[in-house]
Amino acid sequence: MIAVMVLLANLAHAQSHTPEISFLVTREGEFVLTDARADLPVSSALVWAVITDYEGYPRFISSMHESKVISRSPEGSVVEQKGHFGFMFFSRGIEARLVVSEFPPDLIVTRAIEGDFEVMNGRYELRQLGNSTRLSYSGRLVPKFSLPPLFGLSIARFILLRNFREMVDEILLRDAEARRVIRADG
């Protein structure tokens, strides 16, 4: 049933004008591994602006209720995030405090230091491809809570894909808004 719902959601989304997203979630022992990629017809500066808009995440990531920068230093920012991790019959609140290290203009590395994950590491990479930007994400997580044994990986895939897709949608929305402003002024 979950696989059918994920398939239908993917098919419905595929009919929109969103660029193709390559997305893979696998399990390696206790780790849930994510690899995602999207080629976006926008500048890398815009992609960077959206990814580093940590406090804006709750506006466009539906599972996130709060995201705030606690501190900034040369080693990175500490970002506290609260939200929910759920799909259908499985739902729970989650919290994470992350160290986010930015290496402009093309790399962001995250690592959980507190919260509901034993391990939560992520890496965003941006690569300019002509007039497009390739956004790549790789992540590893081990939750402190148990995922349902039979459907846990499917639930994780659904949530992580939705979050990545919402990030991509926000990038495209900001690009469209910027183009409208330019056309209106021109």
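Tabulated data
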| read-out | value |
| --- | --- |
| Cross-chain or 6+ apart pairs with Cβ under 7 Å, region 163-186 first and closer than 22 Å to Gly122 by Cα, then surrounded by 15 or more Cβ atoms within 10 Å (Cβ to Cβ) and small (Gly, Ala, Ser) | Asn163/Ser63; Phe164/Ala36; Val168/Ala38 |
| Top-ranked residue in region 64-92 [being part of a strand (DSSP E or B) and free of Cβ contacts under 8 Å to residues at least 12 places away in the same chain; ranked as farthest from Asp53 (Cα to Cα)] | Ser91 |
| Qualifying residue in region 64-84 (condition: surrounded by 13 or more Cβ atoms within 10 Å (Cβ to Cβ), hydroxyl-bearing (Ser, Thr, Tyr) and closer than 22 Å to Ala156 by Cα) | yes |
| Test: residue in region 46-56 that is in contact with a Lys or Arg (Cβ under 8 Å, 6 or more places away or on another chain), in a strand (DSSP E or B), within 27 Å of Arg179 (Cβ to Cβ) and touching a residue at least 12 places away in the same chain (Cβ under 8 Å) | no |
| Qualifying strands (runs of 3 or more DSSP E) (wholly inside region 101-144; at least 2 residues being in contact (Cβ under 8 Å) with a residue 12 or more places away in the chain, under 20 Å from Arg27 (Cβ atoms) and in contact with a Pro (Cβ under 8 Å, 6 or more places away or on another chain)) | 117-129 |
| Filter result for the condition that a residue is modelled with pLDDT under 95, aromatic (Phe, Trp, Tyr) and over 14 Å from the mean Cα position of the chain (by Cα), over Phe117, Phe87 | Phe87 |
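The values are calculated or read from the model by the stated rules, or taken from the named source; none is laboratory data. The structure presented is a predicted model; accordingly, all values stated were derived computationally and were not measured. Cβ sites come from the backbone with ideal geometry, for glycine too, and all protein chains shown count toward neighbours.
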